[in-house]
């Protein structure tokens, strides 16, 4: 099966510029590219920071854009989001028993769990409270040995980034303990505004650049906290042998300086 991972939209009102960029323009280009090249995807997962300030207008703008995509979209919340305003606009999004934005999708023999790690202001860190952990524990038990894929905004571990490691998930050990004894294959997350991948406690993981601004890997490598680097979405293939994650820098994709017929049919 194939699905799409997108993260950190940071939407503001349609005419507004955020850190020198227009978030809606990048989102429009992203959705158009997905429609053109990946209309056969099973779903699109967007792992939080849907809005920059959690405003109703930003969620309404997102809902309008997603209505024409033609693919199921699974939405999660990040530290820039407002759970009350989000639920007001996306009133049909499934919630867990505590009213948190958590849901389950079963597909291709696997269980896909979409988590709510929003702690709330003034903190930008994540939090996975006992009530939310209870829901996750129940879903892991129901998976009954089937492969599990987790989606969340905040990483539950250090990503070796000085700034972002200060605002990762607050309760990583409690979270990690929940996963023990279950076949968790991969964790997809956002928050870091960078392409990151690796293995944590035997579980592979991947994250993406934001659709708007990025965070430089090394603080001080640019004069500002944020940087302008290419946005990307991920095309994920779940196969019988494993997981393949392609990051596609769609916004910066252009033809190379070469004849259109060069290098065709000469590699094999």
Check your understanding: Within segment 184-220, which residues are touching a strand residue (DSSP E or B) at 6+ places or on another chain (Cβ under 6 Å), in contact (Cβ under 8 Å) with a residue 24 or more places away in the chain and assigned to a loop (DSSP other than H, G, I, E, B)?
Key -> 190, 192, 193, 195, 208, 212
Check your understanding: Picking from 140, 150, 136, which residue would you name as being assigned to a strand (DSSP E or B), touching a residue at least 24 places away in the same chain (Cβ under 8 Å), buried (at least 16 other Cβ atoms within 10 Å of the Cβ) and in contact with a helix residue (DSSP H, G or I) (Cβ under 9 Å, 6 or more places away or on another chain)?
Key -> 150
Exercise for review: For residue 62, work out the one condition from (1) surrounded by 13 or more Cβ atoms within 10 Å (Cβ to Cβ); (2) in a helix (DSSP H, G or I); (3) out of contact with any strand residue (DSSP E or B) (no Cβ under 7 Å at 6 or more places or on another chain) it doesn't fulfil.
Suggested key: (3)
Practice item. For segment 195-215, indicate whether the set of residues that are under 30 Å from residue 134 (Cα atoms) and in contact with a helix residue (DSSP H, G or I) (Cβ under 8 Å, 6 or more places away or on another chain) is non-empty. Key: yes
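Test of understanding: among 99, 70, which residue is surrounded by fewer than 18 Cβ atoms within 10 Å (Cβ to Cβ) and over 25 Å from residue 34 (Cα atoms)? Please lay out each step first, then the result.
On the way: 70 fails: over 25 Å from residue 34 (Cα atoms).
Criteria check complete, one pass: 99.
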Point to revise | Positions within segment 9-34 being touching a strand residue (DSSP E or B) at 6+ places or on another chain (Cβ under 8 Å) and crowded, with 17+ Cβ neighbours inside 10 Å, in sequence order | key: 9, 10, 11, 12, 23, 24, 27, 30, 34
Review point. Does residue 171 qualify as being surrounded by 12 or more Cβ atoms within 10 Å (Cβ to Cβ), modelled with pLDDT under 95 and either more than 18 Å from the chain's Cα centre (by Cα) or farther than 27 Å from residue 33 by Cα (or both)?
Key: yes
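The values are calculated or read from the model by the stated rules, or taken from the named source; none is laboratory data. Fair warning: this is a prediction, and the values are worked out from it, not measured in the lab. Quick reminder, even Gly has a Cβ in these numbers, built from the backbone with ideal geometry, and neighbours come from all protein chains shown.
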